[in-house]
């Protein structure tokens, strides 16, 4: 009887962690139906353990507006994961960090279509965030970058 009680207790303690891990791995990617790099980004997420569901839409500007994404931070597609907005071709490492740290922000962004970013061509080179159209707003940079801070930090 004590074994059964211990087993039930162990299962009940582990269940919230399993549910949270399952929730974190689910991503909805709003994308243009004809965009090849968006399809490649969905495949990239799936190859890295996310359950990525593509949603083809011709209303991307409306989706971006609904999520309050300013033009300076717009990317090719908009992903919702773990309650955060992930804009553009953001690397999985940045998404995992966001989900692990759970900062009090709206999300992260890699605007534009930087060559070498996940889902984009570029001969295997890494995307180097430089300039306005390739700003990578990660949790570590948000407070230091005024555009990132204005979008991602909730009003005080």
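Here, each number is a calculation from the coordinates, and none is a lab measurement. Because the structure is predicted, anything quoted here is derived from the model rather than measured. Heads up, the Cβs are rebuilt from the backbone with ideal geometry, glycines too, and the neighbour counts pull from every protein chain shown.
Tabulated data for the structure shown
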{"quantity": "At R0 = 25 Å, FRET efficiency that the Cβ-Cβ distance of residue 51 and residue 115 yields, to 0.05", "calculated": "0.35"}
{"quantity": "Cβ-derived FRET efficiency at R0 22 Å, residue 101 paired with residue 59, nearest 0.05", "calculated": "0.10"}
{"quantity": "Order of 90, 81 - criterion: other Cβ atoms within 10 Å of each residue's Cβ, fewest first", "calculated": "81, 90"}
{"quantity": "Antiparallel bridge percentage (DSSP; both residues within the stretch 19-118; nearest 5)", "calculated": "40 percent"}
{"quantity": "Sorted by Cβ neighbour density within 10 Å, fewest at the top, the residues 56, 32", "calculated": "56, 32"}
